[in-house]
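Colleague: Dropping the structure in here first, questions after.
None of the figures in this text is laboratory data; all of them are computed from the coordinates on show. Nothing here was measured: the structure is a model prediction, and the numbers come from that model.
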Amino acid sequence: NATCLAPGTGLQAGANAWNVNTTAIQKRVTGTCASGAITAIAADGTVTCGGGAAVSPGFQTVNASVTTNSTSYTALTGGPSVTATIGASGSALVTVTGALTPTSGKQAFMGVQVDTGATSDTEALISETNFVQASATFVITSLSPGSHTFTVQYRTNGGPAATFANRTLVVTPL
């Protein structure tokens, strides 16, 4: 006396065997993403990668000492300069570190220029009067997704030259 069985959810009858119905049951995941996150898995196990362009942080350290007496921001030998890939957020966390020695009674400024934009005191490490080894961290927003070059620029607010050493720039896309 033979008993007939009907396929349940996720099974389908083949000619001589039961088969898995991949429209109801997920196959084993077979793909990976080189960059970004897996945003979808198809019934056949293949993956869709997303998250836009991969972001890439960067940093550069320059130990050499440089000087300037410029009252306008200017690039100096060695930078530092970093090219980073910014994601869809359009934001980056930027840290500037340096040993600043302004002339007594004056200020020394290490600011960050993005691409060919203006350098601002609102995104700068500033030392007043005496030597200091310090860091300043700030968030730069409103960047378009993609590659951007961040460069440290220098100035003083007058008087004889200010000296800058042990300079580091770190850019972390958010």
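Colleague: Find the relative contact order for the chain and round it to a whole percent, using C-alpha pairs within less than 8 Å whose residues are 6+ positions apart.
Modeller: Across the chain, relative contact order equals 28 percent.
Colleague: Let me ask something else. In a GNM of the chain with a 10 Å cut-off on Cα contacts, which of G105, G158, G58 has the highest mean-square fluctuation?
Modeller: Taking springs between Cα atoms under 10 Å, the residue moving most is G105.
Colleague: I've got another one for you. Grab the alpha carbons of the range 121-174, take their convex hull, and tell me the volume per residue in Å³.
Modeller: Hull volume normalised by residue count: 108 Å³.
Colleague: Over the chain, with a Gaussian network built from C-alpha contacts below 10 Å, which listed residue (A24, A161, A88) shows the highest mean-square fluctuation?
Modeller: A24
Colleague: Something else now. Regarding the range 1-157, what is the average projected area of its C-alpha convex hull, in nm²?
Modeller: One quarter of the hull surface, i.e. the mean projection, equals 14.5 nm².
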